[in-house]
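Below is one structure; the comments refer to it alone.
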Amino acid sequence: MAKITLIEGVTLALARAMEEDQSVVVLGEDVGVNGGVFRATAGLQQRFGDERVIDTPLAEVMIAGVSVGMASQGMKPVAEAQFCGFTMPMIDHIMCHAGRMRNRTRGRLSCPMVLRFPTGGGIHAPEHHSESPEALFAHMPGIRVVMPSSPSRAYGLLLAAIRDPDPVIYMEPKRIYRWQREDVEDDGEALPLDVCFTLRDGKDITLVTWGAMVKETLQAADQLEAKGISAEVIDVATLSPIDMDTIVESVARTGRCVIVQEAPKHCGVASEIAAHLADAGIWSLHAPVKRVCGYDTVMPLYRNEMKYMPSVRRILHAVNQVLEVS
Amino acid sequence: MARTVAAFKVDHFQFLGADGKLLDEQHVPAVARDFDRLTDLYRLMTLTRAFDKKAVALQRTGKLGTYASSLGHEAAHVSIGAAMQEEDCLAPMYREYGAQFYRGVKMSEVLLYWGGDERGNDFSGPRHDFAWCVPIATQCLHAAGAAMAYKLKNEARVAVSIVGDGGSSKGDFLEAINAASAWKLPLVLVIINNQWAISVPRSKQNSATTLAQKGIAGGLPSIQVDGNDLIACLWAMEKAVSAARAGKGAFVIEMLTYRLSDHTTADDARRYRPQEEVDEAWEQEPLKRLRSYLIDQGAWDDQREQELLSECSQFVQQAADEYMDLVQNKPQPLTAMFDYMYADLPHDLVEQRAYAEQFPEDGGHH
């Protein structure tokens, strides 16, 4: 077993999936010879050849549309968008075709493709490289949306995404690509695509988050522990569908909840979770549910990007507000 | 000093004149003498037109939703179907019924789709063909993807996609050309240039002399044919499909025709185009010229024409009856909107499905 990073978990899962299923192909800009701009596909073209690890022309709409076409004809394309901002032209094919293929043909055709891309800010990248568009995708019927936050979940969730018979958007929080190393066994074990992960048990408050915000949320939980406050931390991981039961069950025990997301606040995934708690969790809540989010602004250029994102301080601020209510 | 580093030309092919005479008796493709085949295709073109008339009538009497007519495109459409093999893959837009009927899609399935029932897309014809595609030109990339799949799997199959003059302005079309060129895909892209994208004429799409030359710009052999001449359409399609099947890469064919109908039944073309233009286009339409040719050659006559017309009206009535029976007597249950969303319905949709079942009386057909 090797200690690997999140991005190495991605690479390991890609290699595993390509090994076990000949219909899996990887395509995208710079994924072949260069191994991807973050090296997520490093070594794959050397190992599997240029017919299975395909450098595409610079054409995002084409990457998405061709993947839809390949998936409907017996292949399993795993397409890479180089950055989250470059998925916008792909949305036509994801929303209007990938997510509808099975339904519109009454099951005659299906679209088992994966679109994976780095998401979120915090790496001093240029404009359009740092957004968090998960809510856009989570709003689309017929697709699944996944965001891992650890090397082992990157591995297990990507394997599940590739094996899934329907389209999956797999978003990689690039700020934590190399944050942690973890022992990950290349055992081919997939993780479920509809289950939250409880990263830390607690009894006083539930902190719900996903992606790179897991880092700040765990740090906040550490600081709370030092003050004698026990915070449960849940990594939602699958943003569509969301395992609300785990969240509601946790809040039923703690009575308090803060949701942390990097994406803008308005109509975000945090809003959906809060709305669900207002319905199924209302009688166990001792305090209002708070959301700590990115602002409803354009993601600033990198000098201010960390001011945009929820900080440990902002998380603790919200936690204190929620704990003050008796 | 400048030197020419690239030059190109676009050839236009026509064999059959609007009067039903061959333009040059000495230079015609073999199919021009295959009267059994031409007669069969003429029959299908006639059936397609009869179907079209019936579909418009069903819409006008409130029995069908918005419908996109294929009137005037019969030669282009039927030639596409006729040039393909069963295992090839068609990625249509939404009015190429002639191609689909040839491939085995049922008339009642077309009616189901425009009649608001997803079962229409569950073709009994080639099960791997793509569904009707409303987002313009996106189908070109799906066909490129299908072609990519066949190439990677070493299958001798060809993908064919159809786009309009309007659709040729979209990036998807151009990106499909580009991908097909980069990867030498077994793909045939057919531009059916019917001169009108709803109310916008061909002249307003761009100032290029032909649309075929967009393929040349991307590195693909590209030609233009008279889209009202079945012989030219079929000759070009067969040439392109067999080249693609032989591993020679992709091909672009621009078929020049005319949309004799409104864009759809929801459109009124009198608002934006002169009747004289439509009258002139009727002089060029594809059925009349093929019929004249076949009669001249002794392969067709009035009696056969009358028999065919009565047969066609019987077939289209049967299709309409079958469609009406399905929607009236065997409608999809409310839960059908959930049941094909995913291979395994996620838990939240299982809940919504159960919830929806509590309100079966809501929102009946209006």
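The values are calculated or read from the model by the stated rules, or taken from the named source; none is laboratory data. This structure is a prediction, so every number in the text was calculated from the model and none was measured. A quick note on method: Cβ atoms are made from the backbone with ideal geometry, for glycine too, and the neighbour counts reach across all protein chains shown.
Could you list, in sequence order, all residues of region A:210-234 that are without any contact (Cβ under 8 Å) to a residue 60 or more places away in the chain and part of a strand (DSSP E or B)?
A:GLU232, A:VAL233, A:ILE234 - these are the residues of region A:210-234 that are without any contact (Cβ under 8 Å) to a residue 60 or more places away in the chain and part of a strand (DSSP E or B).
Please indicate, with yes or no, whether at least one residue in region B:191-200 is crowded, with 24+ Cβ neighbours inside 10 Å, out of contact with any Lys or Arg (no Cβ under 7 Å at 6 or more places or on another chain) and more than 14 Å from chain A (Cβ to nearest Cβ).
Within region B:191-200, one or more residues are crowded, with 24+ Cβ neighbours inside 10 Å, out of contact with any Lys or Arg (no Cβ under 7 Å at 6 or more places or on another chain) and more than 14 Å from chain A (Cβ to nearest Cβ).
Just to verify a result, which residue in region B:319-334, among those that are touching a helix residue (DSSP H, G or I) at 6+ places or on another chain (Cβ under 8 Å) and either under 18 Å from B:ALA57 (Cβ atoms) or of a type in the set (Ser, Thr, Tyr) (or both), is surrounded by the fewest Cβ atoms within 10 Å (Cβ to Cβ)?
Looking at residues that are touching a helix residue (DSSP H, G or I) at 6+ places or on another chain (Cβ under 8 Å) and either under 18 Å from B:ALA57 (Cβ atoms) or of a type in the set (Ser, Thr, Tyr) (or both), I get B:GLU322.
Regarding region A:282-294, can at least one residue be identified that is under 26 Å from A:VAL10 (Cβ atoms), aliphatic (A, V, I, L, M), away from chain B (no Cβ under 14 Å) and not in a loop (DSSP other than H, G, I, E, B)?
Looking for residues that are under 26 Å from A:VAL10 (Cβ atoms), aliphatic (A, V, I, L, M), away from chain B (no Cβ under 14 Å) and not in a loop (DSSP other than H, G, I, E, B), one finds none in region A:282-294, hence no.
What pairs come out if I take residues in region A:304-321 that are free of Cβ contacts under 8 Å to residues at least 40 places away in the same chain and on the phi > 0 side of the Ramachandran plot and pair them with residues that are outside any helix (DSSP H, G or I) and charged (D, E, K, R) whose C-beta lies under 8 Å away, six or more apart or interchain?
Between residues of region A:304-321 that are free of Cβ contacts under 8 Å to residues at least 40 places away in the same chain and on the phi > 0 side of the Ramachandran plot and residues that are outside any helix (DSSP H, G or I) and charged (D, E, K, R), there is no close pair.
Being surrounded by fewer than 22 Cβ atoms within 10 Å (Cβ to Cβ), part of a strand (DSSP E or B) and either free of Cβ contacts under 8 Å to residues at least 40 places away in the same chain or away from every other protein chain (no Cβ under 14 Å) (or both), is that true of even one residue in region A:176-184?
yes
Does B:LEU64 qualify as being buried (at least 22 other Cβ atoms within 10 Å of the Cβ) and part of a helix (DSSP H, G or I)?
No; evaluated as a whole, the condition is false for this residue.
Among the helices (runs of 4 or more DSSP H) confined wholly to region B:250-366, which include 1 or more residues that are at pLDDT 95 or above and within 25 Å of B:LEU22 (Cβ to Cβ)?
Fully inside region B:250-366 and qualifying: B:275-283, B:286-296, B:302-329.
The rows are residues; the columns are (1) within 23 Å of the chain's Cα centre (by Cα); (2) under 23 Å from B:ALA156 (Cα atoms); (3) free of Cβ contacts under 8 Å to residues at least 60 places away in the same chain.
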| position | (1), (2), (3) |
| --- | --- |
| B:LYS184 | no, yes, no |
| B:LEU187 | yes, yes, no |
| B:GLN195 | yes, no, no |
| B:SER199 | yes, no, no |
| B:SER203 | yes, no, yes |
| B:THR209 | no, no, no |
| B:ALA212 | yes, no, no |
| B:GLY219 | no, yes, yes |
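Within region B:296-306, is there a residue that is within 14 Å of another protein chain (Cβ to nearest Cβ) and either of a type outside the set (A, V, I, L, M, F, W, C) or surrounded by fewer than 13 Cβ atoms within 10 Å (Cβ to Cβ) (or both)?
No, region B:296-306 contains no residue that is within 14 Å of another protein chain (Cβ to nearest Cβ) and either of a type outside the set (A, V, I, L, M, F, W, C) or surrounded by fewer than 13 Cβ atoms within 10 Å (Cβ to Cβ) (or both).
Quick test for you: out of B:ALA182, B:ALA149, pick the one residue that is buried (at least 24 other Cβ atoms within 10 Å of the Cβ), of a type outside the set (D, E, K, R), part of a helix (DSSP H, G or I) and at the interface with another protein chain (Cβ under 8 Å from one of its Cβ atoms).
Exactly one residue qualifies, and that residue is B:ALA149.
Looking at the structure I just gave you, is A:THR246 modelled with pLDDT of 95 or more, within 14 Å of chain B (Cβ to nearest Cβ) and assigned to a helix (DSSP H, G or I)?
For A:THR246, the condition - modelled with pLDDT of 95 or more, within 14 Å of chain B (Cβ to nearest Cβ) and assigned to a helix (DSSP H, G or I) - is met.
So in region A:44-73, with the set limited to residues that are assigned to a helix (DSSP H, G or I), touching an Asp or Glu at 6+ places or on another chain (Cβ under 8 Å) and facing chain B (nearest Cβ under 8 Å), which one is surrounded by the most Cβ atoms within 10 Å (Cβ to Cβ)?
Looking at the filtered set, the residue picked out is A:GLY65.
Between A:GLU131, A:GLU189, A:GLU127, which is free of Cβ contacts under 8 Å to residues at least 40 places away in the same chain, away from chain B (no Cβ under 14 Å), charged (D, E, K, R) and not in a helix (DSSP H, G or I)?
A:GLU189
Please pick out the residue among A:ALA237, A:ALA231, A:ALA220, A:ALA190 that is in contact with a Leu (Cβ under 8 Å, 6 or more places away or on another chain) and either more than 24 Å from A:THR254 (Cβ to Cβ) or exposed (fewer than 15 other Cβ atoms within 10 Å of the Cβ) (or both).
Among A:ALA237, A:ALA231, A:ALA220, A:ALA190, only A:ALA190 is in contact with a Leu (Cβ under 8 Å, 6 or more places away or on another chain) and either more than 24 Å from A:THR254 (Cβ to Cβ) or exposed (fewer than 15 other Cβ atoms within 10 Å of the Cβ) (or both).
Being in the same structural domain as B:LYS63 (by TED's automatic domain parsing) and in contact with a Cys (Cβ under 6 Å, 6 or more places away or on another chain), is that true of even one residue in region B:193-215?
Looking through region B:193-215, none of the residues is in the same structural domain as B:LYS63 (by TED's automatic domain parsing) and in contact with a Cys (Cβ under 6 Å, 6 or more places away or on another chain).
Determine whether A:ALA160 is in a helix (DSSP H, G or I), of a type outside the set (Phe, Trp, Tyr) and away from every other protein chain (no Cβ under 14 Å).
no
Do the conditions hold for A:MET140, that is, is it more than 24 Å from B:LEU152 (Cα to Cα) and within 14 Å of chain B (Cβ to nearest Cβ)?
yes
Answer yes or no: is there a residue in region A:301-321 that is farther than 20 Å from A:ALA212 by Cβ, outside any loop (DSSP other than H, G, I, E, B) and modelled with pLDDT of 95 or more.
yes
Pick from B:ALA143, B:ALA159, B:ALA176: which is at the interface with another protein chain (Cβ under 8 Å from one of its Cβ atoms), touching a residue at least 60 places away in the same chain (Cβ under 8 Å) and in contact with a Leu (Cβ under 9 Å, 6 or more places away or on another chain)?
Sole residue among the options that is at the interface with another protein chain (Cβ under 8 Å from one of its Cβ atoms), touching a residue at least 60 places away in the same chain (Cβ under 8 Å) and in contact with a Leu (Cβ under 9 Å, 6 or more places away or on another chain): B:ALA159.
What are the residues in region B:152-179 that are in a helix (DSSP H, G or I), of a type in the set (Gly, Ala, Ser) and surrounded by fewer than 24 Cβ atoms within 10 Å (Cβ to Cβ), if any?
Within region B:152-179, B:SER169, B:GLY171 meet the criteria.
Residues are listed down the side, and each one gets a yes or a no for (1) within 21 Å of A:GLY211 (Cβ to Cβ); (2) surrounded by 24 or more Cβ atoms within 10 Å (Cβ to Cβ):
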residue: A:PHE86; (1), (2): yes, no
residue: A:ILE94; (1), (2): yes, yes
residue: A:ALA98; (1), (2): no, yes
residue: A:MET101; (1), (2): no, yes
residue: A:ARG108; (1), (2): no, no
residue: A:CYS111; (1), (2): no, yes
residue: A:PRO118; (1), (2): yes, yes
residue: A:HIS124; (1), (2): yes, no
residue: A:HIS128; (1), (2): yes, no
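Only one of B:SER70, B:SER79 is within 16 Å of the chain's Cα centre (by Cα), part of a helix (DSSP H, G or I), buried (at least 24 other Cβ atoms within 10 Å of the Cβ) and assigned by TED's automatic domain parsing to the domain that holds B:ASP229; which?
So the residue among B:SER70, B:SER79 that is within 16 Å of the chain's Cα centre (by Cα), part of a helix (DSSP H, G or I), buried (at least 24 other Cβ atoms within 10 Å of the Cβ) and assigned by TED's automatic domain parsing to the domain that holds B:ASP229 is B:SER79.
What's the number of the only condition in (1) assigned to a loop (DSSP other than H, G, I, E, B); (2) out of contact with any strand residue (DSSP E or B) (no Cβ under 7 Å at 6 or more places or on another chain); (3) closer than 26 Å to B:ILE136 by Cα that A:PRO112 fails to meet?
Condition (2) is where A:PRO112 drops out.
So which residues in region A:254-281 are loosely packed, with under 14 Cβ neighbours inside 10 Å and part of a helix (DSSP H, G or I), if there are any at all?
Within region A:254-281, A:ALA275, A:ALA278, A:ASP279 qualify.
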